[in-house]
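The values are calculated or read from the model by the stated rules, or taken from the named source; none is laboratory data. This one's a predicted model, so the numbers in the text were calculated from it and none came from an experiment. Here Cβ is always computed from backbone atoms with ideal geometry, including for glycine, and neighbour counts include all displayed protein chains. For accessibility, only protein heavy atoms count, side chains too; no ligands or nucleic acids. Shrake-Rupley method; radii C 1.70, N 1.55, O 1.52, S 1.80 Å.
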Amino acid sequence: FPSHDTHAEIKAVYSLIQDIQFLLDLYQELQIPIQLPVYVYEDNASLIHLAYEDIKHLKRCKHFLMAINFLKQYVDDKIIEIVKVPSESNRADILTKESFASHFQYHADHILQGSTISPPIGHANQER
């Protein structure tokens with residue numbers, strides 16, 4: 001069964017997808033075109049595996065399965081694509097994890113400059 005970290009990541013991505021759907025609906029209402037899929041950068045290998053693989057063997061937590069199926073539906077419909085990003089390249093980690101000052105400064109500088117992660121290193125469904 002997935003770890004607590006994976007469970008937390010699933011909940012976070014579930015919430016992110018709801019935000020993405022809100023923005024997609026808003027853009028559609030305003031008649032602003034948007035190119036799909038929306039890339040979701042993720043460093044949790046278990047979450048990526050669950051998003052792209054069969055999960056019929058998981059039967060324990062109904063709310064967890066609902067969140068995974070919600071995620072899988074958006075992946076299958078090509079609304080989002082989960083892109084594998086190495087942990088050391090994950091800019092968001094400085095907001096949630098302890099890091100060395102140099103690591104923090106490197107990512108903080110890039111965030112402040114408006115720089116995100118480089119174009120997808122490799123798509124998650126290709127780099128499992």
- Message: If packing is taken as the average count of other Cβ atoms within 10 Å, what order do 62-74, 20-32 fall into, highest mean first?
- Response: 62-74, 20-32
- Message: With θ taken as phi - 60° and the coefficients 6.51, -1.76 and 1.60, list the Karplus ³J(HN,Hα) couplings across the range 12-19 in order, rounded to whole Hz; mark glycine and proline as x.
- Response: 5, 5, 4, 5, 4, 4, 4, 5
- Can you figure out the FRET efficiency of Q113 with E53, using R₀ = 35 Å and their beta-carbon distance, to the nearest 0.05? 0.45
- Summarise the accessible area of the range 1-41 (1.4 Å probe, protein heavy atoms) by the percent that is carbon and sulfur. 54
- Message: Testing the spin-label approximation: label points 7 Å from Cα along Cα→Cβ at L30 and K11. State their distance in nm.
- Response: 3.1
